[in-house]
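Reading through the structure tokens given below for one structure.
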Amino acid sequence: MPLIDKLFAAAAVLTALGLPAAHAQALPDLAGREIVAVTENAYVPLNFTDPATGEGVGLEYDLFNEIAKRLNAQVKWELSSWDVMIQSVRDGQFDIGMDGITINDERKELVDFSDSYLTSQQLMLVRADETRFADAAGFAADGDLLVGAQAGTTNFYVAVYSVLDGDESNPRIKLFDTFGTSVQALQSGDVDTVLMDQTSANGYIGANPGAFKVVGEALGTEDFGFIFTPGSDLVAPVNAALRQIKADGTMDALEQKWFYDYNAAQ
């Protein structure tokens, strides 16, 4: 039996004996293995470029670096645009991908997913002085209003099917190459709303005091996961480390750092 399987079998036995989860969770040792991880660096506060240092930072960086540390692995970080990321991981160019990627059945046909590491809700981010609409219905009723999105993202599909009329070619949807440029377009007045998860909305509001706010009710709930090349032997070890990180309070500390403390510092 491979070492990883033996470790998980031992953990299962301990759990069956009623021992605490912290003792039951024996993490595999990846013996210094290099894991090539890819992100976009354009999704505040999950992954983005620190303006002070030029380095990639964010919750996903901290979280996966911690996972790798606990598994005795080394991370090689790479960057990719969103539109090719999933296919690149599927093809094996990268071992793991992350970019606030929503777990859904369509993507499960292309890549393997980790367990969810974050649950969030879709919200409408608008300029702080916006008074023309206060919810999705008010936005949809005014044909002059525009929404910014990236094609193929959860935000794009929520804009199409939860806010507008279900027509993916609706001219009221303005497409951008990156998530960050869609927010810049909102700030400059080129679009009137951008849909994003709750955590990122908090990030942009905190990093730009007085520039943005959210309106209306949440438009849906989504779970984020890491993606892997199909059949990857990294899925089980990463999930085991992720469970441990959630159980021991590390995940709570990372959320506090990136969703509250970092924003306040800005």
Exercise for review: Kindly establish whether D144 is at pLDDT below 95 and either touching a Leu at 6+ places or on another chain (Cβ under 7 Å) or among the acidic types (D, E) (or both).
Suggested key: no
Check your understanding: Of the residues that make up the stretch 239-253, is at least one crowded, with 17+ Cβ neighbours inside 10 Å, within 24 Å of A37 (Cβ to Cβ), within 20 Å of the chain's Cα centre (by Cα) and at pLDDT below 95?
Key -> no
Review point. Is it true that D223 is of a type in the set (D, E, K, R) and in a loop (DSSP other than H, G, I, E, B)?
Key: no
Practice item. Out of the residues in the stretch 85-112 that are closer than 18 Å to F224 by Cβ and polar (S, T, N, Q), state the one that is surrounded by the fewest Cβ atoms within 10 Å (Cβ to Cβ). Key: N104
**Study point:** Total residues in the stretch 221-238, condition under 16 Å from the mean Cα position of the chain (by Cα), at pLDDT 90 or above and not aliphatic (A, V, I, L, M)
**Key:** 5
**Study point:** Restricting the stretch 104-123 to residues that are among the hydrophobic types (A, V, I, L, M, F, W, C) and at pLDDT 95 or above, the residue that is farthest from P237 (Cα to Cα)
**Key:** L110
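For the stretch 143-152, check the following and say yes or no: at least one residue is assigned to a helix (DSSP H, G or I), in contact (Cβ under 8 Å) with a residue 12 or more places away in the chain and crowded, with 22+ Cβ neighbours inside 10 Å.
Of all residues in the stretch 143-152, those assigned to a helix (DSSP H, G or I) come to none.
Checked against the condition, which is being assigned to a helix (DSSP H, G or I), in contact (Cβ under 8 Å) with a residue 12 or more places away in the chain and crowded, with 22+ Cβ neighbours inside 10 Å, the stretch 143-152 yields no hits at all.
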Check your understanding: From the set of residues in the stretch 208-220 that are over 18 Å from the mean Cα position of the chain (by Cα) and not in a strand (DSSP E or B), which is surrounded by the fewest Cβ atoms within 10 Å (Cβ to Cβ)?
Key -> G210
Review point. Of the residues in the stretch 66-84, how many are part of a helix (DSSP H, G or I), exposed (fewer than 14 other Cβ atoms within 10 Å of the Cβ) and either not assigned by TED's automatic domain parsing to the domain that holds R243 or not charged (D, E, K, R) (or both)?
Key: 1
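The values are calculated or read from the model by the stated rules, or taken from the named source; none is laboratory data. Everything numeric in this text was worked out from a predicted model, so none of it was measured. Heads up, the Cβs are rebuilt from the backbone with ideal geometry, glycines too, and the neighbour counts pull from every protein chain shown.
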